[in-house]
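Trainee: Structure provided below as structure tokens; questions to follow.
Every number in this text was worked out from the coordinates using simple rules, so none of it is lab data. What you see is a predicted model, and the numbers here were worked out from it, not measured in a lab. Reconstructed Cβ throughout: ideal geometry from the backbone, glycine too, with neighbour counts over all protein chains shown.
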Amino acid sequence: MVSIGLIGAGFMGSTHLAAYEQLQKDGKFKVAAIADLDKGQAEKFAASLGAKIYGSGDELLKTADINTVDICLPTFLHYEYAVKAIEKGYNVFVEKPLCLTAKQADDLAALAGKKGVIAMVGQCIRFWDEYVWLKNLIDKKAYGSIVSAHFSRRSPAPTWGWDGWLTDPERSGGAALDLHVHDSDFILYLFGKPDTVKSVVNKSGEKYSYIFTICDYKNFIVTSEGTWNLPVSYPFEMYYRFVFEKATVEFSSQTGVKIFEGDKTIVPEIEKACVVQNDNLGGNISSLGGYYNELQYFVTCLSENKKADRANLRNGADAVHFVEREKESIL
Ligand SMILES: NC(=O)c1ccc[n+]([C@@H]2O[C@H](COP(=O)([O-])OP(=O)(O)OC[C@H]3O[C@@H](n4cnc5c(N)ncnc54)[C@H](O)[C@@H]3O)[C@@H](O)[C@H]2O)c1
């Protein structure tokens with residue numbers, strides 16, 4: 001039986017636990033243990049999942065009856081705890097960004113390979129319904145070749161983080177790594193590494209709280225923007241706009257997907273496995289959809305003993321490398 005221990009029940013840990021609550025009816029796994037320094041956080045989902053509560057990640061790793069660890073700790077702790085879990089032979093899910101540095105991410109991916117564990121990174125946009133739909137459209141060349149593409153991810157400052165870790169670029173990597181990595185990863189997933197990368201960042205204040213990148217591919221340009229410079233009243237938004245030869249496709253998490261084809265505007269039906277909203281988890285996004293999809297994939301891989309290659313640790317490491325390349329390219 002797949003037996004999961006989750007470490008770090010803050011915003012993202014709670015989001016995972018809410019998704020596990022939805023998924024547990026499939027009976028493929030159980031969440032046996034939840035650890036957080038703040039036991040009150042761990043308690044929120046423990047009863048409904050039948051999980052034991054632990055006061056730290058180390059205590060959980062030492063004593064819990066588990067074979068899989070879901071790491072939702074602040075980014076600067078991912079490497080340390082993922083190494084400990086993999087060394088014990090546990091399968092792991094590590095939230096994005098995989099690690100704070102590309103060197104740590106490379107080492108972690110290599111260790112998971114050497115130990116032969118099932119390991120996945122939480123690059124959830126690969127599982128987000130509107131982005132899965134977009135990839136399918138591109139793969140099928142439904143509207144011809146790509147002319148240009150733009151991604152954007154905009155958020156108020158993430159002030160909810162434990163011990164102020166998120167607003168400390170030394171521990172989070174700033175918006176460039178924490179937020180923008182979603183689009184950097186998705187660009188790599190769609191198109192591979194670009195020939196040329198050029199970025200601009202803030203000229204005043206925390207420089208990585210705003211980043212804009214131009215990726216030059218052979219036949220088209222992809223631009224992407226990530227920022228958490230915005231006031232608390234600014235609604236979180238993720239966005240893409242793809243100009244194809246025969247139509248333009250646009251998505252905003254505020255308004256949904258639209259296809260502009262000649263003089264027609266079409267609102268496509270996009271299939272969703274989970275439409276649950278969770279407004280009380282404390283972060284900047286309340287849809288469970290992409291998290292539900294990625295964790296459903298993870299527990300299926302675990303129960304069928306298959307590698308999680310839709311988002312493996314090598315993919316996670318490549319995304320961290322890409323963000324480092326963006327940072328090095330700053331004009
Ligand atoms: N995939 C996504 O869309 C997404 C969204 C938000 C955050 N994240 C990622 O998830 C991770 C966590 O972010 P968050 O927003 O949930 O942070 P958070 O600060 O809300 O939660 C972190 C939790 O870890 C706990 N903690 C710290 N040290 C611990 C230890 N040694 N043992 C046990 N618990 C410990 C804290 O008490 C806190 O509850 C980060 O890597 C972040 O980048 C991903």
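Trainee: Nearest 500 deg cm²/dmol is fine: what mean residue ellipticity at 222 nm does the chain get from its DSSP H runs of n ≥ 4 alone, each adding -39,500 (n - 2.57), divided by its residue count? Write down the numbers at each step before the final one.
Mentor: Numbers: 11 runs with 118 residues, N = 331.
Mean residue ellipticity at 222 nm (helix-derived): -10500 deg cm²/dmol.
Trainee: Please identify every one of the chymotrypsin sites (Phe, Trp or Tyr not before Pro) in segment 56-150 that sits in a loop by DSSP and has no more than 12 other beta carbons within 10 Å of its own beta carbon.
Mentor: Qualifying residues, ordered by number: none.
Trainee: Next up: Distance between the C-alpha centers of segment 12-90 and segment 182-245? Whole Å please.
Mentor: Centre-to-centre (Cα) distance: 32 Å.
Trainee: Rounded, prolate or oblate, given the Cα gyration tensor of segment 91-250, with a/c below 1.5 counting as rounded?
Mentor: Since a/c reaches 1.5 but b/c is at least a/b, the shape of segment 91-250 is classed as oblate.
Trainee: At 0.36 nm per residue, minus the direct Cα-Cα distance, what do residue 136 and residue 258 gain on full extension? Give it in nm, one decimal, please. Please report the intermediate quantities before stating the final value.
Mentor: Working: separation 122, 0.36 × 122 = 43.92 nm, distance 1.55 nm.
Stretched fully, the residue 136-residue 258 segment lengthens by 42.4 nm.
Trainee: Follow-up. Packing-wise, with mean Cβ within 10 Å as the measure, how do 297-310, 193-206, 317-330, 56-69 rank, highest first?
Mentor: 317-330, 56-69, 297-310, 193-206
Trainee: Something else: Which of the three applies to the chain, rounded, prolate or oblate, going by the alpha-carbon gyration tensor with a ≥ b ≥ c and a/c under 1.5 meaning rounded?
Mentor: Prolate is the answer for the chain, as a/c is 1.5 or above and a/b outweighs b/c.
Trainee: Assuming a ≥ b ≥ c are the square roots of the Cα gyration tensor eigenvalues, decide whether segment 186-331 counts as rounded (a/c under 1.5), prolate (otherwise, with a/b larger than b/c) or oblate.
Mentor: Cα axes put segment 186-331 in the rounded bin.
Trainee: Treating only the Cβ of Lys, Arg, Asp and Glu as charged (+1, +1, -1, -1), what charge dipole size does segment 1-128 show about its Cα centre? Round to the nearest 20 debye.
Mentor: That gives a dipole near 300 debye.
Trainee: Turning to a different aspect of this structure: Compute the long axis of helix 289-303 from its Cα atoms, compare it with the longest principal axis of the Cα atoms of the chain, and write down the angle in degrees, 0 to 90, nearest 10.
Mentor: 50 degrees
Trainee: May I ask for the angle, rounded to the nearest 10°, between helix 78-87 and the longest principal axis of the chain, with both axes built from Cα atoms and the value confined to 0 to 90°?
Mentor: 50 degrees
Trainee: In nm, to one decimal, how far is the modelled label at residue 145 from the one at residue 28, with both set 7 Å along Cα→Cβ?
Mentor: A separation of 3.9 nm, rounded to one decimal place.
Trainee: In whole Hz, what ³J(HN,Hα) sequence does segment 10-15 give by Karplus (6.51, -1.76, 1.60; θ = phi - 60°), x for Gly and Pro?
Mentor: My calculation for segment 10-15 gives x, 4, 6, x, 5, 5 Hz in order.
Trainee: Students often check this: by mean Cβ neighbours within 10 Å, which of 258-269, 212-223 ranks highest, and how do the rest follow?
Mentor: Result, highest mean Cβ count within 10 Å first: 212-223, 258-269.
Trainee: Apply the Karplus curve 6.51 cos²θ - 1.76 cosθ + 1.60, θ = phi - 60°, to the phi angles in segment 32-45 and return the couplings in whole Hz, x for Gly and Pro.
Mentor: Residue by residue, segment 32-45 yields 8, 8, 9, 10, 8, 4, 9, 4, x, 5, 5, 5, 3, 10 Hz.
Trainee: Amide H to amide H under 5 Å from residue 210: which residues, 5+ apart in sequence or cross-chain, H placed 1.01 Å off N in plane?
Mentor: Here the answer is 202, since their amide H atoms fall under 5 Å of that of residue 210.
Trainee: Among 144, 321, 29, which residue has its Cα furthest toward the positive end of the charge dipole of the chain, with +1 on Lys/Arg Cβ and -1 on Asp/Glu Cβ?
Mentor: Ranked along the dipole, the leading option is 144.
Trainee: What angle do you read, to the nearest 10 degrees and between 0 and 90, between the alpha-carbon axis of helix 313-328 and the longest principal axis of the chain?
Mentor: 50 degrees
Trainee: Looking at segment 45-86, what % of the alpha carbon pairs are farther apart than 15 Å?
Mentor: Counting pairs separated by more than 15 Å, the tail of P(r) holds 44 percent.
Trainee: Additional query: Please list, by residue number, every one of the trypsin sites (Lys or Arg not before Pro) in segment 105-165 that is coil in DSSP and has at most 12 other beta-carbon atoms within 10 Å. Write out the running numbers ahead of the final one.
Mentor: Numbers: sites: 114, 115, 126, 135, 140, 141, 153, 154; in loops: 141.
Here the trypsin sites (Lys or Arg not before Pro) that fit, given the DSSP loop and packing criteria, are 141.
Trainee: With a cut-off of 8 Å between alpha carbons and a minimum separation of six or more residues, what is the relative contact order of the chain in percent?
Mentor: On the way: 694 pairs, mean separation 70.0, N = 331.
Reported as a whole number, the value is 21 percent.
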